[in-house]
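The structure under discussion appears below in the form of structure tokens.
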Number of protein chains: 4
Amino acid sequence: MRKFILLFQCHDRKGIVARISDFILKIGGNIITADQYSTDPAGGYFFMRVEFILDDGQQNRQSLVLAFGPIAQEFGASWNLYDQAETLRMGILVSEPDHCLVDLLYLWNAGELKVQIPFVLSNCEKHRKLVTGYNLPFYYVPASKDNRQESQILSHSLASTDFLVLARYMLVLSSDFLHKYNKDIINIHHGFLPSFKGVDPYGQALNKGVKVIGSTVHFVDNQLDEGPIIAQEVEYVSHKDSRQDLIRKGRHAEKKALAQALSSYIDYRIIKHENKTIVF
Amino acid sequence: MRKFILLFQCHDRKGIVARISDFILKIGGNIITADQYSTDPAGGYFFMRVEFILDDGQQNRQSLVLAFGPIAQEFGASWNLYDQAETLRMGILVSEPDHCLVDLLYLWNAGELKVQIPFVLSNCEKHRKLVTGYNLPFYYVPASKDNRQESQILSHSLASTDFLVLARYMLVLSSDFLHKYNKDIINIHHGFLPSFKGVDPYGQALNKGVKVIGSTVHFVDNQLDEGPIIAQEVEYVSHKDSRQDLIRKGRHAEKKALAQALSSYIDYRIIKHENKTIVF
Amino acid sequence: MRKFILLFQCHDRKGIVARISDFILKIGGNIITADQYSTDPAGGYFFMRVEFILDDGQQNRQSLVLAFGPIAQEFGASWNLYDQAETLRMGILVSEPDHCLVDLLYLWNAGELKVQIPFVLSNCEKHRKLVTGYNLPFYYVPASKDNRQESQILSHSLASTDFLVLARYMLVLSSDFLHKYNKDIINIHHGFLPSFKGVDPYGQALNKGVKVIGSTVHFVDNQLDEGPIIAQEVEYVSHKDSRQDLIRKGRHAEKKALAQALSSYIDYRIIKHENKTIVF
Amino acid sequence: MRKFILLFQCHDRKGIVARISDFILKIGGNIITADQYSTDPAGGYFFMRVEFILDDGQQNRQSLVLAFGPIAQEFGASWNLYDQAETLRMGILVSEPDHCLVDLLYLWNAGELKVQIPFVLSNCEKHRKLVTGYNLPFYYVPASKDNRQESQILSHSLASTDFLVLARYMLVLSSDFLHKYNKDIINIHHGFLPSFKGVDPYGQALNKGVKVIGSTVHFVDNQLDEGPIIAQEVEYVSHKDSRQDLIRKGRHAEKKALAQALSSYIDYRIIKHENKTIVF
């Protein structure tokens, strides 16, 4: 018994759900869960995620893709079909702050983040012990503002990963890197975007005197801290909280937002659309 | 163009979604949104809510019910079909505290609670001005612990309402009343159930020294504060908060939970199942 | 028995608390609660709020002010002494959206917002019924972007109020108005400042695709939506939420933040310092 | 320059704050922060926490205790004076679930939990690697329901710790153990007390169909899950969440509540009073 996930989007019109569920029925599948969203039933855009199981051992992802292709074409749809058994390969980039890294490795080791981790790459040597303690490869790449070492990062990442997560990686990746890598990159920003972009968001929050701080997980695009937002979490603060307190309190929000966003991503629950996300 | 909502539940098996969406396609409908939930794809129970629009003026609820009946029978399903244009009739019972009443009438008047309100009934005469200011009937029924006046409440409610909301009504309705009324009754309890049932939940919370208080909206059944929970909201408190402070802070949670629960109910998003609720 | 509140701020140094509490002891007072905050014990700025009761009927605010003056001078302090029995006079300005107004009047009528309300002023005639139903004066001033009618607003407010609350008042008050009124003005902005300043913050939030919306209560200063923040509240949202949904959900946050901020203000719990607030 | 913390409680009466702050002034101290709380200014009970610094190297805890004793006696007060430089010794007991342990060790290693950790004791051998990786002693004690091994736990704990934290320790400690240990024991219960005491609180929450789960940190006393509550945190859930999902979501609340409660404890911010806590 295998589980597949279909992500599907097209201009909204009648009969999409019927056509897709009929297809799944005919191949002997059973729909576990299906989510739809339409920006507007009249003339809008339609999004669907279907999770279904097949007991027939004959079918695999390739044969399903072949069979479903013509239906998708009918609707002029963008789509992807995933076999849940094929786990994604997630490369981790991290700078000095290690709380997100610690949390991700914990969740992965506990079987709650169903990914492969080809490596953890850092410009801080000090994480080596933690990472190798989990029997994972650790790459020390001394990237800095003056030399971002992007070709080295790319050569580590390109073939071995399906996506990258910046688990508090403090250097901006260039447009050139994004273009060459050309897969998803997920970043945790320790500010409540669109407020407090860039460096030291907790210091910015302190100076502004806000009463709530937040953190934001988003896809990376060409503009700093501007890609589609996946998840946000907040913490209440007061005048008594120092910059150090904000950092400490903010960690809860960072870890929670990142764990939640990655869990959605790995379950293929996220569809990007016009600089926003649908998160089913 | 009319909008219909189908609520459907049966033992889970293959092809349910396909069969239902095919039916909707064939009658010329367009699915706006569909939600499913299964307690277990293998041998569990399946729940579905489908919202669809029909432009064909010929079809109405009755003809759709006739047409869908055989399909439901195939699956041995429990189901209901609702025409969104037919608004529900919500009777309100309220005792002395008026914040929930004020909020419900505000939301109703603002067009955000799409119900008819046949009456507000209270054992407190003082709400008359507020209620009649909205041109709604107000019934003063001097119910008390010694004389619950249930026959009078029933005679007001039975024919004129589709459901009742107890917007801080402080008397328990008897099993006999529930049996005779035999429709949904929704209660807001100002405690975080299953903690702090019965009278003075804020006082109970204060004595226990909890650091978070809550309120709970639930269907009423034969046991005190025990019916299926629809929504819960919380507020953080501290040792500094007096009983009066808990009452004051709790109001936010009460109003928010009640508005949210009623909004779900009116949109036919709630399915009861084994003393729990599925809220799509 | 009368209750007084002292707000006090000066450069931090030894003995401030001792000096103040000794003063209160000597006049026969009993400290109910005292809060301090120092930006830095070495060379920082010190803030204190003391609430104390006096049973001696002889003392009043004036005599206490005379007696305390020399002590404050010793420390080069800014300070104010308030008699809790002298309730503040709060003028309300409101445009079309009425949910904050409804909430404030409810709280005031319930005795939970211990202020006088000399008037509600609006550029929307439609609130008259609500306001006069509470036996409060209602002033209709047809202010618009082209003619802000500030001299009329000022003539209503200047002598009769101690502070103004903009309970969703949609016109910006000019620097000239602020200068002439020269007392506190508290605004509720329906966006999570510093994000989403100016018009239609919910629309801005929708376009940005944020997963959390918020509202902010702040003092008004010369820059749009830039004064010291008093309170912020948030609500979680998703891709499913329309602009209308954000407006609906945001109301909870707006009402809660405004009620909390005004309650702090009226209890003299707020000290402004360098574009931030200390809220004891 | 040393920092001291005074915790003080007595029947409320005039002049307490003055007397204490005068004492601190006379020994050359500077009050950093002071918090008070009174259950009732007339006839109630008064609590105070004062944090002050002394530059005079002559004074130490013992001499201060001697000097302050007579003042405390005047007021018939219970009190304690702590030297912030003397860090508390926190023994950790843990069973199979390790997320709280991982978080505590992370925070301790990051310098954010200013305690000594004399040992981690577990009835699960598997935590040895994690604990010894931090160069901390690990004691494997195969306690079970049939043999709680309390004498062994006591012999490890009695002399070497100032308090114990049960970081998801699944065996109840007997009254006899509590009596012999006779110091504070802090427990994290993964349920929203007073709901869902005892075993499998997430399963209990699932069966009840609640829409919010929570976790509770409390002092241990003779009754199961009944001691004074220090901190509570919550997470929103829905019908879709399985028992496994509740466990996963609940971990955020558990870790946050425990970190917050221990941080308050270590800073001497908690006073127990009549089965409740004052947490300054």
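The values are calculated or read from the model by the stated rules, or taken from the named source; none is laboratory data. Just so we're clear, the structure is a prediction, and the values are computed from it rather than from any experiment. Glycine also receives a Cβ, built like all others from the backbone with ideal geometry; neighbour counts cover every protein chain displayed.
Within the range A:261-273, does at least one residue satisfy the condition of being in contact with a helix residue (DSSP H, G or I) (Cβ under 8 Å, 6 or more places away or on another chain) and part of a helix (DSSP H, G or I)?
yes
Filter the range C:198-213 down to residues that are out of contact with any strand residue (DSSP E or B) (no Cβ under 7 Å at 6 or more places or on another chain) and among the charged types (D, E, K, R) and give me whichever is farthest from the other protein chains (Cβ to nearest Cβ).
Applying the filter and picking the extreme gives C:ASP200.
I want to confirm something. Restricting to the range C:115-156 and keeping residues that are touching a residue at least 60 places away in the same chain (Cβ under 8 Å) and over 30 Å from B:THR132 (Cα atoms), which single residue is surrounded by the most Cβ atoms within 10 Å (Cβ to Cβ)?
Restricting attention to the range C:115-156, the residues satisfying the condition of being touching a residue at least 60 places away in the same chain (Cβ under 8 Å) are C:115, C:153, C:156.
Remaining after also requiring over 30 Å from B:THR132 (Cα atoms): C:153, C:156.
Values: C:ILE153: 23, C:HIS156: 20.
Result: C:ILE153.
Show me the strands (runs of 3 or more DSSP E) entirely contained within the range D:48-150 in which 1 or more residues are farther than 30 Å from A:LEU104 by Cα.
On the way: elements: D:78-83, D:88-94, D:120-122, D:138-140.
Hits in the range D:48-150: D:78-83, D:88-94.
Within the range A:183-193, is there a residue that is touching a Gly at 6+ places or on another chain (Cβ under 9 Å) and among the basic types (Lys, Arg)?
No, that holds for no residue.
Give the number of residues within the range D:29-47 that are part of a loop (DSSP other than H, G, I, E, B) and either at pLDDT below 90 or buried (at least 22 other Cβ atoms within 10 Å of the Cβ) (or both).
If we filter the range D:29-47 for residues that are part of a loop (DSSP other than H, G, I, E, B), which is where we start, we get D:39-44.
Next cut, either at pLDDT below 90 or buried (at least 22 other Cβ atoms within 10 Å of the Cβ) (or both) only: D:40-43.
Counting residues in the range D:29-47 that are part of a loop (DSSP other than H, G, I, E, B) and either at pLDDT below 90 or buried (at least 22 other Cβ atoms within 10 Å of the Cβ) (or both) gives 4.
Select from the range B:253-277 the residues that are closer than 21 Å to C:ASP245 by Cα and β-branched (Val, Ile, Thr) and write down the one among them that is surrounded by the most Cβ atoms within 10 Å (Cβ to Cβ).
B:ILE270
Residue by residue through the range C:1-22, note down the ones that are crowded, with 20+ Cβ neighbours inside 10 Å and more than 20 Å from the chain's Cα centre (by Cα).
C:ASP12, C:ILE16, C:VAL17, C:ALA18, C:ILE20, C:SER21
In the range B:177-193, is there at least one residue being buried (at least 17 other Cβ atoms within 10 Å of the Cβ), more than 19 Å from the chain's Cα centre (by Cα) and either part of a helix (DSSP H, G or I) or not hydrophobic (A, V, I, L, M, F, W, C) (or both)? Before you say what the answer is, go through the steps one by one.
To start, the set of residues in the range B:177-193 that are buried (at least 17 other Cβ atoms within 10 Å of the Cβ) comprises B:177, B:181, B:184-193.
Adding the requirement that they be more than 19 Å from the chain's Cα centre (by Cα) leaves none.
No, because not a single residue in the range B:177-193 is buried (at least 17 other Cβ atoms within 10 Å of the Cβ), more than 19 Å from the chain's Cα centre (by Cα) and either part of a helix (DSSP H, G or I) or not hydrophobic (A, V, I, L, M, F, W, C) (or both).
Tell me which residues, restricted to the range B:56-100, are loosely packed, with under 13 Cβ neighbours inside 10 Å and within 30 Å of B:VAL199 (Cβ to Cβ).
The answer is B:GLU96, and nothing else.
Might you let me know whether the range D:167-176 holds any residue that is aromatic (Phe, Trp, Tyr), under 30 Å from D:VAL210 (Cβ atoms), in contact with a strand residue (DSSP E or B) (Cβ under 6 Å, 6 or more places away or on another chain) and in a loop (DSSP other than H, G, I, E, B)? Talk me through it step by step, then tell me what you get.
Residues of the range D:167-176 that are aromatic (Phe, Trp, Tyr), as a first pass: D:169.
After this cut, where a residue has to be under 30 Å from D:VAL210 (Cβ atoms) as well, the list is D:169.
Within this subset, residues satisfying the condition of being in contact with a strand residue (DSSP E or B) (Cβ under 6 Å, 6 or more places away or on another chain) are D:169.
In the following step, the residues that additionally are in a loop (DSSP other than H, G, I, E, B) were identified as D:169.
Looking for residues that are aromatic (Phe, Trp, Tyr), under 30 Å from D:VAL210 (Cβ atoms), in contact with a strand residue (DSSP E or B) (Cβ under 6 Å, 6 or more places away or on another chain) and in a loop (DSSP other than H, G, I, E, B), one finds at least one in the range D:167-176, hence yes.
Out of the range B:265-280, which residues are more than 8 Å from chain D (Cβ to nearest Cβ) and among the aliphatic types (A, V, I, L, M)?
Filtering the range B:265-280 down to residues more than 8 Å from chain D (Cβ to nearest Cβ) leaves B:265-274, B:280.
Across the range B:265-280, the qualifying residues are B:ILE266, B:ILE270, B:ILE271.
Which residues, taken from the range A:185-209, are among the charged types (D, E, K, R) and within 15 Å of A:GLU226 (Cβ to Cβ)?
Here is the first cut: in the range A:185-209, the ones among the charged types (D, E, K, R) are A:197, A:200, A:208.
Correct list: A:LYS197 only.
Looking only at the range C:220-252, count every residue that is surrounded by fewer than 16 Cβ atoms within 10 Å (Cβ to Cβ) and in a strand (DSSP E or B) and tell me the total.
Residues flagged as surrounded by fewer than 16 Cβ atoms within 10 Å (Cβ to Cβ) and in a strand (DSSP E or B) within the range C:220-252 amount to 1.
Between a residue in the range A:236-248 that is facing chain C (nearest Cβ under 9 Å) and any residue that is at pLDDT below 95, which pairs come within a Cβ distance under 8 Å, given they are 6 or more apart or on different chains?
Listed by first residue and then by second, the contacts come to A:HIS239/C:TYR37; A:LYS240/C:TYR37.
Please verify whether B:ASP225 is out of contact with any helix residue (DSSP H, G or I) (no Cβ under 7 Å at 6 or more places or on another chain), within 13 Å of chain D (Cβ to nearest Cβ) and farther than 14 Å from D:PHE192 by Cβ, treating the condition exactly as stated. Reasoning before the result, please.
On the way: out of contact with any helix residue (DSSP H, G or I) (no Cβ under 7 Å at 6 or more places or on another chain): yes; within 13 Å of chain D (Cβ to nearest Cβ): yes; farther than 14 Å from D:PHE192 by Cβ: yes.
Against the criterion (out of contact with any helix residue (DSSP H, G or I) (no Cβ under 7 Å at 6 or more places or on another chain), within 13 Å of chain D (Cβ to nearest Cβ) and farther than 14 Å from D:PHE192 by Cβ), B:ASP225 qualifies.
Report every pair of residues separated by at least 6 positions or lying on different chains whose Cβ atoms are under 8 Å apart, first residue within the range A:198-214 and closer than 21 Å to A:LYS256 by Cα, second among the aromatic types (Phe, Trp, Tyr) and outside any loop (DSSP other than H, G, I, E, B).
That search, which allows pairs on different chains as well, returns A:LYS211/A:TYR236; A:VAL212/A:TYR236; A:ILE213/A:TYR202.
Do we find that A:THR216 is within 14 Å of chain C (Cβ to nearest Cβ), in contact with a Pro (Cβ under 6 Å, 6 or more places away or on another chain) and outside any loop (DSSP other than H, G, I, E, B) in this structure?
Details: within 14 Å of chain C (Cβ to nearest Cβ): yes; in contact with a Pro (Cβ under 6 Å, 6 or more places away or on another chain): no; outside any loop (DSSP other than H, G, I, E, B): yes.
For A:THR216, the condition - within 14 Å of chain C (Cβ to nearest Cβ), in contact with a Pro (Cβ under 6 Å, 6 or more places away or on another chain) and outside any loop (DSSP other than H, G, I, E, B) - is not met.
Just need a number here: residues in the range A:59-82 that are under 25 Å from A:SER38 (Cα atoms) and either under 19 Å from the mean Cα position of the chain (by Cα) or of a type in the set (Ser, Thr, Tyr) (or both).
5
What are the residues in the range B:25-58 that are among the acidic types (Asp, Glu) and under 28 Å from the mean Cα position of the chain (by Cα), if any?
B:ASP35, B:ASP40, B:GLU51, listed by residue number.
How many of the residues making up the range A:157-197 are of a type in the set (A, V, I, L, M, F, W, C), free of Cβ contacts under 8 Å to residues at least 24 places away in the same chain and more than 14 Å from every other protein chain (Cβ to nearest Cβ)?
Pass one, the range A:157-197, residues of a type in the set (A, V, I, L, M, F, W, C): A:158-159, A:163-167, A:170-173, A:177-178, A:185-186, A:188, A:192-193, A:196.
If we keep only those that are free of Cβ contacts under 8 Å to residues at least 24 places away in the same chain too, we end up with A:158-159, A:196.
From what is left, the residues that are more than 14 Å from every other protein chain (Cβ to nearest Cβ) are A:158-159.
Total meeting the criteria: 2.
For the range A:1-26, name all the residues that are farther than 16 Å from B:ARG13 by Cβ and among the β-branched types (Val, Ile, Thr).
Result: A:ILE5, A:ILE16, A:VAL17, A:ILE20.
Is it the case that D:PHE8 is assigned to a strand (DSSP E or B) and either away from chain C (no Cβ under 13 Å) or modelled with pLDDT under 90 (or both)?
Numbers: assigned to a strand (DSSP E or B): yes; either away from chain C (no Cβ under 13 Å) or modelled with pLDDT under 90 (or both): yes.
When the stated conditions are applied, D:PHE8 passes them.
Residue-by-condition table, conditions (1) more than 12 Å from chain D (Cβ to nearest Cβ); (2) of a type outside the set (Phe, Trp, Tyr); (3) out of contact with any Asp or Glu (no Cβ under 6 Å at 6 or more places or on another chain); (4) closer than 23 Å to B:LYS240 by Cβ:
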| residue | (1), (2), (3), (4) |
| --- | --- |
| C:PHE23 | no, no, yes, no |
| C:ILE27 | no, yes, yes, no |
| C:ASN30 | no, yes, yes, yes |
| C:PHE47 | no, no, yes, yes |
| C:GLY57 | yes, yes, yes, no |
| C:ALA67 | yes, yes, yes, no |
